[in-house]
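The values are calculated or read from the model by the stated rules, or taken from the named source; none is laboratory data. Keep in mind that this is a model prediction, so the values were computed, not measured. Neighbour counts are summed over all protein chains in view; Cβ atoms, including those assigned to glycine, are modelled from backbone coordinates with ideal geometry. Note: areas computed on protein heavy atoms with side chains; ligands, DNA, RNA excluded. Shrake-Rupley method; radii C 1.70, N 1.55, O 1.52, S 1.80 Å.
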Amino acid sequence: MRIGTTAEKGAQHLDFTDTPEQAAFRKEVRDFLQSELPERFRSAPGERMMGGDMRSRFEEMKEWRQKLADKGWIAAAWPKEYGGAGLGTMEQFIMNEEFAENRAPQVGGMGVSMIGPTLIIHGNDEQKEEHLSRILSGEVQWCQGFSEPESGSDLASLQTKAVRDGDDYVINGQKIWTSGAQFAHWMFMMARTDPDAPKHKGISYFMLDMKSPGVTVRPIGTMAGNAMFNEVFFEDVRVPAKNLVGEENRGWYIGTTTLDFERSSIGSAVGQRLQVESLIKFAKERQGDHKSRLGEMETIRYDLADRLLETQVARMLSYRVVTMQSKGLVPNYEASMCKLFSSEMSQRIAGTSMKVAGLYGQLLGDGEWAPQKGRYGGSYLQTVASTIAGGTSEVQRGIIATRGLGLPKN
Ligand SMILES: Cc1cc2nc3c(=O)[nH]c(=O)nc-3n(C[C@H](O)[C@H](O)[C@H](O)COP(=O)(O)OP(=O)(O)OC[C@H]3O[C@@H](n4cnc5c(N)ncnc54)[C@H](O)[C@@H]3O)c2cc1C
């Protein structure tokens with residue numbers, strides 16, 4: 001993918017073809033997935049695996065994890081010295097596209113995508129030694145303890161406290177919306193160590209063993225029928241000072257590194273395109289048995305066409321972000337555009353699926369009358385959260401308005 005402009009006869013063109021090296025790498029990934037990925041591990045278009053499912057498939061997936069580990073592809077972006085493949089931004093993007101195209105599960109979760117890269121930058125040797133290899137082997141699962149009941153968008157206002165006591169910090173307070181905390185072995189989290197300092201300057205960053213006495217995890221049920229996130233309470237939880245990452249009271253700046261990694265893991269638009277293509281196939285083929293309403297409602301055609309076009313827009317937006325990253329630039333409002341468009345699009349795709357399936361779309365589970373094993377209804381309920389998780393749509397629009405369009409803050 002030579003994304004960039006080439007001047008030709010005074011005109012500017014975008015060249016989307018792979019360079020020979022990129023094409024060779026794409027082929028390597030594709031061939032590997034086609035020959036090595038067991039069919040039973042391929043996900044259906046639009047299928048989302050939640051923490052519980054991931055956990056129950058953990059043992060089953062061992063064989064797949066080992067194959068990826070042998071290639072250094074569990075954490076392909078990590079430097080080779082830490083067990084990664086040291087891939088560049090564009091290669092990672094190609095890899096993500098091919099994984100999505102082949103509906104292949106990636107493994108590693110927040111350990112690989114968030115705390116691992118944060119430790120590589122900010123952790124000391126002992127912390128890297130203790131944690132990085134265990135993240136790569138998949139034996140340790142992590143969760144992210146950032147949000148609190150009164151601190152989400154305004155994260156720096158967090159109130160969970162950590163007080164130094166001898167060789168430990170003693171933590172008291174509460175986190176909320178902690179995805180996968182009920183399955184996690186460790187949490188990376190931020191807590192206030194200096195209540196008198198300005199809010200960004202009194203925060204420290206810790207790694208906390210979820211088995212520590214005083215940690216209580218309470219799952220929160222969602223309307224989609226699962227409990228993917230939790231409340232986590234800390235009552236006099238002792239965290240050894242060796243688990244402080246970076247310096248005391250400098251944790252906010254480490255937390256923003258973690259958030260950058262969270263936001264920069266641009267999901268390729270390929271998965272959403274496959275989802276729309278599968279919906280179009282369903283709409284065409286399941287006519288006459290009351291499961292597709294294509295014949296009854298003319299506007300469904302327009303909706304399906306719009307959704308397919310939107311997946312191309314999402315692709316272009318993600319190309320913009322990945323091009324910036326590959327040039328060493330840090331995407332800002334561009335990443336917000338990507339997140340905003342793709343999360344709202346996931347809701348529109350779910351809405352169109354329900355329109356196509358009609359009342360049957362409300363059926364969940366894999367009963368005879370539930371289309372696509374209940375995925376349409378499940379996705380309709382599940383995607384409501386996508387415009388909240390990882391920064392709300394309102395916050396993204398604020399960033400685009402002020403940093404992108406240069407509008408005044410208020
Ligand atoms: C599925 C899911 C998984 C999550 N997983 C995790 C996790 O693993 N770990 C974790 O720490 N957190 C997690 N979160 C929490 C998530 O990061 C927060 O929900 C999110 O940042 C919003 O914060 P809040 O819920 O406190 O809402 P608030 O910040 O209280 O926002 C309430 C409303 O006010 C609006 N608003 C707030 N500020 C502004 C502003 N400046 N301009 C305009 N409007 C504004 C918001 O858009 C929203 O509509 C998860 C959330 C979801 C939905």
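A few remarks follow.
- Of all lysines in the structure, those lying under 23 Å Cα to Cα from residue 242, and not within fewer than 8 positions of it along the same chain, are 128, 161, 175, 201, 211.
- From the C-alpha gyration tensor of the range 109-256, square roots of 5λ in Å: 21, 20, 14
- Förster radius 35 Å - calculated FRET efficiency between residue 159 and residue 277, Cβ distance, rounded to 0.05: 0.15
- Using the 1.4 Å probe convention, the accessible area of the chain works out to 50 Å² per residue with neighbouring protein chains retained.
- Rolling a 1.4 Å probe over the protein heavy atoms of the chain, with every protein chain left in place, gives an accessible area that is 52 percent carbon and sulfur.
- The DSSP beta bridges internal to the chain are antiparallel in roughly 85% of cases.
- Once all protein chains are placed together, residue 228 keeps about 50 Å² accessible to a 1.4 angstrom probe.
- Applying a DSSP loop filter and a limit of 13 other Cβ atoms within 10 Å to the GluC sites (Glu not before Pro) in the range 344-410 leaves 368.
- Sparsely packed loop sites in the range 333-410 (the trypsin sites (Lys or Arg not before Pro) outside DSSP H, G, I, E and B with at most 12 other Cβ atoms within 10 Å) comprise 409.
- Figure legend: label point modelled 7 angstrom from the Cα of residue 362 along Cα→Cβ; residues of the range 292-310 with amide N under 20 Å from it are 292-294, 296-297.
- The range 373-398 and the range 121-180: distance between their alpha carbon centers, rounded to Å: 25 Å
- When +1 charges are put on Lys and Arg Cβ atoms and -1 charges on Asp and Glu Cβ atoms, the dipole computed for the range 70-152 relative to its Cα centre reaches about 180 debye.
- Given +1 at the Cβ of Lys and Arg, -1 at the Cβ of Asp and Glu and no other charges, the dipole of the chain around its Cα centre is 940 debye to the nearest 20.
- The solvent-accessible area of residue 336, taken with every protein chain present and a 1.4 Å probe, is close to 10 Å².
- Within the straight-line cut-off of under 23 Å between alpha carbons, the lysines reachable from residue 327 are 80, 339, sequence neighbours fewer than 8 places apart in one chain being disregarded.
- A simple spin-label model places the labels of residue 44 and residue 199 4.4 nm from each other, with each point 7 Å out along Cα-to-Cβ.
- Equivalent-ellipsoid semi-axes of the chain, from the Cα gyration tensor, Å, largest first: 36, 26, 23
- Cα-based helix-to-principal-axis angle, 333-357 vs the chain, degrees rounded to 10: 50 degrees
- Note, ³J(HN,Hα) from phi for the range 245-257, Karplus 6.51, -1.76, 1.60, rounded to Hz, x at Gly and Pro: 9, x, 8, 4, 6, 10, x, 4, 6, 6, x, 5, 4
- Applying the criteria of a DSSP loop state and at most 16 other Cβ atoms within 10 Å to the chymotrypsin sites (Phe, Trp or Tyr not before Pro) of the range 319-410 yields 369.
- Residues of type lysines that residue 62 reaches as a straight line, Cα spacing below 18 Å, ignoring anything fewer than 8 places off in the same chain: 71
- A cut-off under 10 angstrom between Cβ atoms defines the neighbours of residue 175, and their net charge, with Lys, Arg +1 and Asp, Glu -1, is -2.
- Annotation: residue 282 carries an accessible surface of approximately 10 Å², with a 1.4 Å probe and no ligand, DNA or RNA atoms counted.
- Distance-filtered residues of the range 210-249 - backbone nitrogen under 19 Å, label point 7 angstrom along residue 168 Cα→Cβ: 210-217, 233-245
- In this structure the amide hydrogen of residue 148, modeled in the peptide plane, comes within under 5 Å of the amide hydrogens of 176, none closer than 5 places in sequence on its chain.
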